[in-house]
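First up is the structure itself, then whatever we jot down about it.
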Amino acid sequence: MLKFVKHHMETITGIEIYPLISFCIFFVFFVVLLVWVMRTNKNHIARMKSLPLNDEESFNN
């Protein structure tokens, strides 16, 4: 099965750029996510962390 896929991928012109594009998208996504996490207000994170606990209390009332 892998030989079948590998053979067809070798016939595509310019296929060698796809892994590089995939890596760039992956890297940029995680860098942006890291920057967002570092810049997010710590009070906002604490509020989001406690939301599941607050949700149960509202159902009991």
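The values are calculated or read from the model by the stated rules, or taken from the named source; none is laboratory data. The shown structure was predicted, so the numbers you read here are calculated from the model rather than taken from an experiment. Please note: Cβ atoms are built from the backbone with ideal geometry, for glycine as well, and neighbour counts cover all protein chains shown.
Condition check: in a helix (DSSP H, G or I), modelled with pLDDT of 80 or more and surrounded by 10 or more Cβ atoms within 10 Å (Cβ to Cβ). Does His8 satisfy that?
yes
For residues that are of a type in the set (S, T, N, Q) and modelled with pLDDT of 85 or more, scanning just the stretch 12-61, find the one that is surrounded by the fewest Cβ atoms within 10 Å (Cβ to Cβ).
Once the filter is applied, the top-ranked residue is Thr13.
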